[in-house]
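Everything below concerns the one structure shown next.
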Amino acid sequence: MLSYAVFRGLRPSALLAKGRWREAREAAERLGKSPLRWLPTISSDAAYLESLCLHFEGDFEASERRLGSVADVRGLRYARLTLHASNLVMLERDPEAADAALDEARRLLAYPEDDLLRALAKLALGRSDEAETFFLRAGTTRSQAAPSPKLNDPVFHFFRGLYLVKTGRVDEAQRDLETAATIGHASVYAARARALLPSAEQAEREPRSSLVPVVADE
């Protein structure tokens, strides 16, 4: 029974690590409905994995709804807070709540993509000086020792590129957006990065402003 539980518990995570969002979500859903749901944390772990997969698939509303069923257990607190903030930032909703969640998360763990999220939340709140402080603190790359590069490196570069676009530094954003669009697993971050990148024809026609209409239409 224990071996079976370990296998079933790890399988959604293994699929997630390979960028197989739908399969990982379905495996997590099955796990959450299985007899193993009575084991400590299994139900919350499964719900969190479902929410995370929905987020990477781009369904932020559904991700938020599923995240609401994740218990506030110690082992998931940082993950739950940062996923909540990520959903809000991607939805461009309630930056104050996103900022508060990230402030609480930072007392538990700290990764550079969290600083970029915080920068975007501060920017949405009109606190541009604070936003720039968090942006600069994040640096230009994630450490090679940082966890889950195939999942989180595209997130880091997308948030960095998005911040640069929103602060009028379109040319500087190009490298981060190109990186987010091409590294790691295909996800909503890669898709949104590609949407912000101008085509070669656009770049030749209006090289300095081709991203501006995209931002204005968000």
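The values are calculated or read from the model by the stated rules, or taken from the named source; none is laboratory data. As the structure is a computational prediction, the values presented were derived from the model and not from experiment. As a convention, Cβ positions derive from the backbone with ideal geometry for all residues, glycine included, and neighbour counts pool all protein chains shown. We work out accessible area using only protein heavy atoms, side chains counted, and drop any ligands, DNA or RNA first. Shrake-Rupley method; radii C 1.70, N 1.55, O 1.52, S 1.80 Å.
Quick notes on this structure:
- Qualifying residue in the stretch 59-76 (condition: aliphatic (A, V, I, L, M), at pLDDT below 95 and more than 23 Å from LEU109 (Cβ to Cβ)): no
- Residue satisfying condition, being of a type in the set (Val, Ile, Thr) and under 24 Å from ALA100 (Cα atoms), within set THR179, THR141, THR133: THR133
- Verdict on LEU10 being open to solvent by 70 Å² or more (accessible area, probe 1.4 Å), at pLDDT below 95 and either over 23 Å from THR167 (Cβ atoms) or not polar (S, T, N, Q) (or both): yes
- Qualifying positions in the stretch 103-117 - open to solvent by less than 40 Å² (accessible area, probe 1.4 Å) and either within 16 Å of ASP72 (Cβ to Cβ) or in contact (Cβ under 8 Å) with a residue 24 or more places away in the chain (or both): ALA105, PRO112, GLU113, ASP114, LEU116, LEU117
- Filter result for the condition that a residue is under 23 Å from ALA191 (Cα atoms) and among the hydroxyl-bearing types (Ser, Thr, Tyr), over SER34, SER63: SER63
- Meets criteria (modelled with pLDDT under 95 and among the polar types (S, T, N, Q)) for SER43: yes
- Residues of the stretch 73-113 satisfying the condition of being outside any helix (DSSP H, G or I) and charged (D, E, K, R): GLU92, ARG93, ASP94, ARG107
- Residue satisfying all of: in the stretch 181-197; open to solvent by less than 60 Å² (accessible area, probe 1.4 Å) and assigned to a loop (DSSP other than H, G, I, E, B); farthest from LEU54 (Cα to Cα) among these: LEU197
- Checking the stated criteria, ALA100 turns out to be at pLDDT 95 or above, under 23 Å from VAL73 (Cα atoms), over 16 Å from the mean Cα position of the chain (by Cα) and surrounded by 14 or more Cβ atoms within 10 Å (Cβ to Cβ).
- Checking VAL70 against (1) under 20 Å from ASP153 (Cα atoms); (2) part of a loop (DSSP other than H, G, I, E, B); (3) open to solvent by less than 40 Å² (accessible area, probe 1.4 Å), the condition it does not meet: (1)
- Complete set of residues in the stretch 164-180 that are in a helix (DSSP H, G or I), more than 14 Å from LEU120 (Cβ to Cβ) and open to solvent by 20 Å² or more (accessible area, probe 1.4 Å): ASP171, GLU172, GLN174, ARG175, GLU178, THR179
- Residue within the stretch 38-54 that is crowded, with 19+ Cβ neighbours inside 10 Å and closer than 29 Å to LEU136 by Cβ present: yes
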